[in-house]
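Below is one structure, written out as structure tokens; the observations come after it.
Throughout, read-outs are computed from the coordinates displayed, never taken from laboratory work. Values in this document were obtained by computation on a predicted structure and should not be read as measured data. Glycine gets a Cβ as well: all are built from the backbone with ideal geometry, and neighbour counts include every protein chain shown.
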């Protein structure tokens, strides 16, 4: 299981740190995911990424965070849009967005009812996908790639929790609370 690399172009439309009261809730969920082993450290970075829908885009954890605890506001990036033709993500903030920003964008585009996407990595959930009756992506692709994002979309369908083969999981919700509690409940099955 490797953490993704940024495989898209980035254009900063603003250097303003996202300002949304819900960032406090996203900070809390980031800490809970880390404490519960859902965003473990791999090769010096904590994996996984969490986001919520905001205005026309979404707010997501930044790339390369060394810890998901005690995050400052500058650890979040507003993703305004994504141009599929040029593979360019347009953002606001001080840091690069998570390497899975394209995946988050495409899920929000495909699933209008989804307002939170939590992507984590946990061996128990991955190994027990069949036991937990969770859909699993058919193919493996490089983390952060458009191919992985498309594979996730195919496997998602109307499901709100799936396993990414030999990689991690995606938990969706109408709220952050829903997405987070769903992942934690799966871990405790």
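When the helices in the chain are scored as -39500 (n - 2.57) per DSSP H run of 4 or longer and the sum is shared across all residues, what 222 nm value do you end up with, to the nearest 500 deg cm²/dmol?
That comes out to -8000 deg cm²/dmol.
From the mean inverse distance of alpha carbon pairs (Kirkwood) and the Cα radius of gyration, derive Rg over Rh for the chain.
Using only Cα positions, Rg/Rh for the chain is 0.92.
Rounded to the nearest 0.05, what FRET efficiency is calculated for residue 66 and residue 177 with R0 set to 30 Å and r the Cβ-Cβ distance?
0.70
Once the Cα atoms of helix 176-187 and of the chain are each reduced to a long axis, what angle between those two axes, in degrees from 0 to 90 to the nearest 10, is obtained?
Between the helix axis and the principal axis of the chain, the angle is about 30 degrees.
Given Cα pairs under 8 Å that are at least 6 residues apart, what percent is the relative contact order of the range 128-180?
RCO, the range 128-180: 31 percent.
To the nearest 10 degrees, how steep is helix 23-35 against the longest Cα principal axis of the chain, on a 0 to 90 scale?
40 degrees
On full extension of the chain, what length is gained from residue 130 through residue 42, given 0.36 nm per residue of separation minus the C-alpha to C-alpha distance?
29.2 nm
Rounded, prolate or oblate: which one fits the range 103-189, using the alpha carbon gyration tensor with axes a ≥ b ≥ c (rounded when a/c is under 1.5, else prolate when a/b beats b/c, else oblate)?
oblate
Among the DSSP beta bridges whose two residues both lie in the chain, what percent are antiparallel, rounded to the nearest 5?
In the chain, approximately 85 percent of DSSP beta bridges are antiparallel ones.
Quick one: if the Förster radius is 22 Å, what FRET efficiency do residue 15 and residue 111 give, using the C-beta to C-beta distance and rounding to 0.05?
Once rounded, the FRET efficiency stands at 0.15.
On C-alpha positions alone, give me the angle between the axis of helix 101-110 and the longest principal axis of the chain, in degrees, nearest 10.
80 degrees
Please work out the C-alpha center-to-center distance from the range 149-189 to the range 45-90 and express it in whole Å.
18 Å
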